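The values are calculated or read from the model by the stated rules, or taken from the named source; none is laboratory data. Predicted, not measured: the structure shown is a model, and the values here were computed from it. Cβ placement follows ideal geometry from the backbone for every residue including glycine, while neighbour counts extend to all protein chains displayed. Accessible surface is based on the protein model in full, side chains and every heavy atom, while ligands, DNA and RNA are left aside. Shrake-Rupley method; radii C 1.70, N 1.55, O 1.52, S 1.80 Å.
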Amino acid sequence: MKAVLDHIEDTAANIKTFWFKPERSVHQTAGQFTELYLPHQQSDNRGDKRWFTLSNSPADKLLSITTKYAGESSSSFKKYLFSLQPGAPVSLADPMGDFVLPKDTSIPIVYVAGGIGVTPIHSMVKYLLGANEKRNITLIYAVNHQDELAFGELFQNSDIKYIPVVKEPGPGWTGEVGTVTTERILSAMRPSEQSLVYLSGPEPMVEALADALKKAGVSKNRIVTDFFPGYTSI
């Protein structure tokens, strides 16, 4: 579908949210993703298409993606995306994917996000907040530095249990320090054995945590994964 860039928001350090106005109404389930097609001159070998989670709530009138910029080491795609001005035309695929909320609202959820992997979780939490729907949710959100924490205000103002974990904290940080471990996740799951664990982030992180949880006795049916290709660390 065709869309135009409406506006851009600063979300966290080197992270921006791009809001698009689609040409038609879109059916979206919170947590789904799209493919952004952005043809540009002097495209490198990484091409002109990328998968992005839709970070907006389905109740929003506009669609959004939230992504990180790595400066000069970024792909030609990312450099072009970050140079766009409001009104620029783009092409988006219809929302797709099954990294979404369980239909059973009584199931406890443990979200585990690494870096930009927080975007589908933001979509789901924002949707629930807007719908005034309460669920038993814990979010463990890991970043390297505290200025990389995105959407903190929304998470803090919702009724979820929000646990940011910073690997290399700066002065004044009083939260949890380190990385996401199996022990942290298992602790968040207790006392319910019915919890679903949603893992979202760089592929190596998601695969390692999923394997560790299975070895710890968590059924694979209770683990939902969504990895972000192109990222090797948070």
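Could you grab me the full set of residues in region 175-230 that are hydroxyl-bearing (Ser, Thr, Tyr) and either open to solvent by less than 60 Å² (accessible area, probe 1.4 Å) or in a helix (DSSP H, G or I) (or both)?
Scanning region 175-230 gives Thr181, Thr182, Ser187, Ser192, Ser195, Tyr198, Ser200, Ser219.
Going by what's in this entry, would Leu128 be described as open to solvent by less than 20 Å² (accessible area, probe 1.4 Å), at pLDDT 95 or above, over 23 Å from Ala30 (Cα atoms) and out of contact with any Pro (no Cβ under 6 Å at 6 or more places or on another chain)? First the steps, then the outcome.
On the way: open to solvent by less than 20 Å² (accessible area, probe 1.4 Å): yes; at pLDDT 95 or above: yes; over 23 Å from Ala30 (Cα atoms): no; out of contact with any Pro (no Cβ under 6 Å at 6 or more places or on another chain): yes.
It is false that Leu128 is open to solvent by less than 20 Å² (accessible area, probe 1.4 Å), at pLDDT 95 or above, over 23 Å from Ala30 (Cα atoms) and out of contact with any Pro (no Cβ under 6 Å at 6 or more places or on another chain).
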When residues of region 54-85 are filtered for being farther than 15 Å from Val4 by Cβ and open to solvent by 40 Å² or more (accessible area, probe 1.4 Å), how many remain?
-> 12
What is the number of the single condition among (1) modelled with pLDDT of 95 or more; (2) open to solvent by 50 Å² or more (accessible area, probe 1.4 Å); (3) closer than 27 Å to Ala30 by Cβ that Lys167 does not meet?
-> (3)
Flagged in region 1-37 as among the acidic types (Asp, Glu) and closer than 21 Å to Phe82 by Cβ, in numbering order, are Asp6, Glu9, Asp10, Glu35
